[in-house]
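Please read the structure below before turning to the comments.
We did not get these values from a lab; they are worked out from the coordinates using the rules stated. Here the structure is a predicted model, which means the values were calculated and not measured. Cβ coordinates were reconstructed from backbone atoms using ideal geometry, including for glycine residues, and neighbour counts include every protein chain displayed.
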Amino acid sequence: MITIKNIQDRLREAIKTSTFTQKELAEKLNLHPTAVNKYLRDDVYPSLETFANLCQILDVSADEILGLKD
């Protein structure tokens, strides 16, 4: 079963293992750096547009983050 917690865990892992700093990701997404930090630490989720852009920047499949594909 797919849960928001599982999605959040996979997104957090993709951000943490990327070659980008939180500040660099925020700049690429036109966000304040605290926004990326909140994705990692709090129960704050990116908008669908930001999620899609994060997947593209991190070079990770949205299906993988959503748990639809390993």
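Inter-label distance, residue 35 to residue 9: 2.7 nm, where each label sits 7 Å from its Cα along the C-beta direction.
Building the convex hull from the alpha-carbon atoms of the range 19-58 and averaging its projection over directions returns 2.5 nm². Straight-line reach from residue 5: taking Cα to Cα under 18 Å and skipping same-chain neighbours fewer than 8 places apart, the lysines in range are 16, 38, 69. Over the C-alpha atoms of the chain, the Rg to Rh ratio, Rh being the Kirkwood estimate, stands at 0.93.
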